[in-house]
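A short write-up of the structure that comes next.
We did not get these values from a lab; they are worked out from the coordinates using the rules stated. Keep in mind the model is a prediction, meaning the values are calculated, not measured. As a convention, Cβ positions derive from the backbone with ideal geometry for all residues, glycine included, and neighbour counts pool all protein chains shown.
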């Protein structure tokens with residue numbers, strides 16, 4: 001595993017999860033009911049829906065600050081998956097498996113390390 005990419009992945013994932021938690025807390029304070037594991041599993045949907053709100057309903061997008069915060073967390077998590085795939089010596093495109101969060105995480109757990117220094121365990 002390439003340590004530089006692994007460290008970047010860990011940092012992005014940590015900040016991304018914290019950002020999504022903050023977005024959930026803001027949503028809960030506004031009386032919205034999307035919290036817990038369901039919100040984390042649905043982050044690709046939130047990324048898409050937030051983009052649509054930004055393009056077609058910007059007043060709603062900025063009135064509900066939890067949507068952009070949750071979107072930022074989603075982008076950071078996908079970026080973390082991209083860097084983790086690179087750390088294992090794979091193409092960054094493998095990181096898009098993070099869009100299917102529970103299954104993507106399982107895939108990364110069993111993905112063989114093909115990095116040049118991956119044989120030194």
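Take the Cβ-Cβ distance between residue 112 and residue 15 as r, set R0 to 25 Å, and report the resulting FRET efficiency rounded to the nearest 0.05.
E(calc), rounded to 0.05, equals 0.35.
Simple spin-label model, 7 Å along Cα-to-Cβ: residue 4 to residue 75 in nm?
2.4
Determine, for 115, 74, the number of other Cβ atoms within 10 Å of each Cβ, and report the residues in order from fewest to most.
115, 74
What Kirkwood hydrodynamic radius, in Å, does segment 69-121 give when the mean of 1/r is taken over all pairs of distinct Cα atoms and then inverted?
Over segment 69-121, the inverse of the mean reciprocal pair distance is 11.3 Å.
Which value in nm describes the separation of the simple spin-label points at residue 91 and residue 25, placed 7 Å from the Cα toward the beta carbon?
4.0
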